[in-house]
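Written below as structure tokens is the structure these notes are about.
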Amino acid sequence: KRAQMIETIRSKYFSFFELRNFCKRNKIDRIFSMGALPQEGFVMALASALNKTDFICHLVVNPFNAFQKFNKPSIKAFIEFLLLFPLVPLSKKFYVNSKDTTVLAKKYFFLFKNKIDFLRYIIDTENYSPKDKTKSRKKLNLPINKKILIFVGRIEKAKGSDIILELAKRNPDKIFIMIGQFFDENIKRANLENIKIIPPQDRKILSDYYNA
């Protein structure tokens, strides 16, 4: 209720000029990046540089070991990791999404560790709150008595879809529901009856799935 859309960025390549002018014109005290970095982080950092606007980062991904976790290391993940180095000194405060990632961030950016801190994810507790499990299962036409595991997010190896597939193979008596954008063709090829793939859902329906 306290948020308002005032202006949108029109230029893909000169967005930081637009944002900088907007901050100066409206005397914005602080801009806060809350997403995957470093893409939008750079736009905000450049917009606030040599300006009276503070730049605060909230890193909601873990880039510090992403490029080490696969058989074929991701060059894109490694480049994004390197691009974080100029962002930390440019920010007034650098928040990280989990305690273990905070430890890694302070290790890599030890010269700026005093500005790095842990900040929890924000949860809409009005929508995501406990409800009757049986009612939720009936509403979604799910079995009442079977054990169900839910996965929400991009269905790809980077998010652990290969682990879900292995669990489903070992537990044919349990149901595995995967909700999100689908990228892992290995799951389709496996053709397991106990895996249900569902496209991205509205948050109210998601709440029912979580409760189920």
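Scanning segment 130-144 for residues that are more than 28 Å from Phe182 (Cβ to Cβ) and of a type outside the set (D, E, K, R) yields a total of 2.
Residues in segment 138-165 that are within 18 Å of Glu193 (Cβ to Cβ), in a helix (DSSP H, G or I) and in contact with a Lys or Arg (Cβ under 9 Å, 6 or more places away or on another chain): Ser161 only. For segment 166-195, the set of residues classified as in a strand (DSSP E or B) and at pLDDT below 95 consists of Phe182 only. Pairing each residue of segment 123-136 that is under 11 Å from Tyr209 (Cβ atoms) with any residue that is surrounded by 13 or more Cβ atoms within 10 Å (Cβ to Cβ) and acidic (Asp, Glu), provided the two are 6+ apart or on different chains, yields C-beta distances under 6 Å for Ser136/Asp208. Among the residues making up segment 126-139, a single one is surrounded by 15 or more Cβ atoms within 10 Å (Cβ to Cβ) and either in contact with a Leu (Cβ under 6 Å, 6 or more places away or on another chain) or not charged (D, E, K, R) (or both): Ser136. Answer yes or no: is there a residue in segment 32-49 that is closer than 18 Å to Tyr95 by Cα, open to solvent by 90 Å² or more (accessible area, probe 1.4 Å) and at pLDDT below 85. Within segment 32-49, one or more residues are closer than 18 Å to Tyr95 by Cα, open to solvent by 90 Å² or more (accessible area, probe 1.4 Å) and at pLDDT below 85. If you filter segment 50-77 down to residues that are touching a strand residue (DSSP E or B) at 6+ places or on another chain (Cβ under 8 Å) and part of a loop (DSSP other than H, G, I, E, B), you find that the one that is modelled with the highest pLDDT is Thr53. Could you tell me whether segment 92-114 includes any residue that is assigned to a loop (DSSP other than H, G, I, E, B), at pLDDT 85 or above, closer than 20 Å to Val43 by Cα and among the small types (Gly, Ala, Ser)? There is no residue in segment 92-114 that is assigned to a loop (DSSP other than H, G, I, E, B), at pLDDT 85 or above, closer than 20 Å to Val43 by Cα and among the small types (Gly, Ala, Ser).
Within the span defined as segment 119-141, every residue fails to be acidic (Asp, Glu) and within 30 Å of Leu90 (Cβ to Cβ).
The set of residues in segment 1-25 being among the charged types (D, E, K, R), out of contact with any Asp or Glu (no Cβ under 7 Å at 6 or more places or on another chain) and at pLDDT below 80 consists of Lys1, Glu7, Lys12. Of everything in segment 153-212 that is of a type in the set (S, T, N, Q) and within 19 Å of the chain's Cα centre (by Cα), the residue that is farthest from Glu126 (Cα to Cα) is Ser161.
The values are calculated or read from the model by the stated rules, or taken from the named source; none is laboratory data. For clarity, every value in this text was computed on a predicted model and none was experimentally measured. Note: ideal-geometry Cβ built from the backbone for every residue, glycine included; neighbour counts use all protein chains shown. Ligands, DNA and RNA are stripped out before the accessible areas are found, and what is left, the full protein with its side chains, is counted by its heavy atoms. Shrake-Rupley method; radii C 1.70, N 1.55, O 1.52, S 1.80 Å.
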